[in-house]
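Report on one structure; see the data block that follows.
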Amino acid sequence: MGKIIAIANQKGGVGKTTTAINLSCSVALQGKKVAVVDFDPQGNCSSGFGIKKDSNTIYEAIMGLVDIEKTLVKTKIDNCYVIPSNIDLTGAGVELIEREAREFYLKNALEKIRPVFDYIFVDCPPSLGILTLNGLTAADTVLIPLQTEFFALEGLTQLINTINLVKKNLNPKLQIEGVLLTMLDKRTHLTDDVAKNVIGHFGKKVYKTMIPRNVRIAESPSFGVPVYLHDKNCLGAKAYEELALEFINGKE
Ligand SMILES: Nc1ncnc2c1ncn2[C@@H]1O[C@H](COP(=O)(O)OP(=O)(O)O)[C@@H](O)[C@H]1O
Ligand SMILES: [Mg+2]
């Protein structure tokens, strides 16, 4: 049974989508079968993989309009699939509010494909609304990317409170997979302080691998590929490869 990992942080621009694209690619390169659900109406994960606009989307799958298997799109990386999203998903936020068990739509939709994947990553939107609640309810674990900046921990109390509420009411087994420092500038006093602070907060949950700020990473979505296919020898690609190994081997 595949493991479902929500990539969540209600702050925008912290590296959720970048991590969804590049970690799933690197995990697939290790021989695992991986799916990434783009669960943000902005569809950045889909365009980052160069997915055509006319594909079926996760919106249609969770609303029961199309079979989830028909939404899986093969990427240029073997064993790596994407379930795309687009602006239609905004509608789900509104439509679900009125429904019973509205937090369980993603979980129910993923049930059918879970047995055929090793890992399913869910790229959550930058909010703690109904979509992220669906992500956290569907997930076994949550991976939290933090941008390495002075305000990294700001707003995190809210995220942790939400995770605890989901655990209490919707998904008792939910665990924190790991905390990932992203967009690290070359080691400076500030980055060292931020890293220390985050480790002080989350201890061993913080990945030893930290993702550097890297131009190749920022460029690759415009080519519709993970950084590995853009420049597999760059520091960014190497960092996501290292993260994939740390992720697969587990934190314990
Ligand atoms: N390690 C990195 N180095 C350089 N640019 C990055 C890196 N990680 C993310 N970015 C860029 O930062 C912006 C925000 O990242 P993104 O993954 O979209 O964040 P989120 O999904 O949390 O909103 C994007 O333009 C992305 O290309
Ligand atoms: Mg994003």
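The values are calculated or read from the model by the stated rules, or taken from the named source; none is laboratory data. What you are looking at is a predicted structure, and each value in this text was computed from that prediction instead of being measured. When we count neighbours, we look across all protein chains shown, and the Cβ atoms used for this are built from the backbone with ideal geometry, even at glycine. Accessible surface areas use protein heavy atoms only, side chains included; no ligands, DNA or RNA. Shrake-Rupley method; radii C 1.70, N 1.55, O 1.52, S 1.80 Å.
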| In whole Å, how far is the Cα centre of the stretch 1-50 from that of the stretch 167-193? | 16 Å
| message | Solvent-accessible area of GLU246, probe 1.4 Å, all protein chains present, reported in Å² to the nearest ten, please. | response | 30 Å²
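Could you tally the net charge around CYS80, taking each other residue with its Cβ under 12 Å from the Cβ of CYS80, Lys/Arg +1 and Asp/Glu -1? Walk me through the numbers on the way to the answer.
Values: positive: LYS32, LYS33, LYS74, LYS76; negative: ASP78, ASP118.
Residues near CYS80 contribute +2 overall.
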| said: If I stretch the segment between THR90 and ASP185 completely, what's the gain in nm (0.36 nm per residue apart, minus their alpha carbon distance), one decimal? | reply: 30.8 nm
| field | Cα-centre dipole for the stretch 146-243 with unit charges at Cβ (Lys and Arg positive, Asp and Glu negative), debye to 20 | value | 380 debye
| query | In the chain, which helices (entire DSSP H runs) extend 27 Å or more along their own long axis, judged by Cα positions, while averaging at least 0.5 on the Kyte-Doolittle scale? | reply | none
| remark: Of all DSSP beta bridges with both partners in the chain, the antiparallel percent, nearest 5, is 5 percent
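Give me the accessible area per residue for the chain, probe 1.4 Å, as a whole number in Å². Present the calculation step by step, with values, prior to reporting the outcome.
Details: 11700 Å² over 252 residues.
Heavy-atom SASA per residue in the chain reads 46 Å².
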| query | Using a 1.4 Å probe on the protein chains only, how many percent of the accessible area of the stretch 3-249 belongs to carbon and sulfur? | reply | 52 percent
| query | Residues with amide H under 5 Å of VAL36's amide H, sequence separation 5 or more or different chain, H placed in the peptide plane at 1.01 Å from N; which? | reply | TYR81, VAL82, ILE83, PHE121
| task | Compare ARG187, ARG114, ARG216 in a GNM of the chain, Cα atoms joined below 10 Å, and give the one with the largest fluctuation. | result | ARG187
| Using the Cα gyration tensor of the chain, with a ≥ b ≥ c the square roots of its eigenvalues, what is the shape: rounded (a/c below 1.5), prolate (a/b larger than b/c) or oblate (neither)? | oblate
| task | Select from ALA195, ALA138, ALA35 the residue whose mean-square fluctuation is largest in a Gaussian network model of the chain (Cα-Cα springs shorter than 10 Å). | result | ALA195
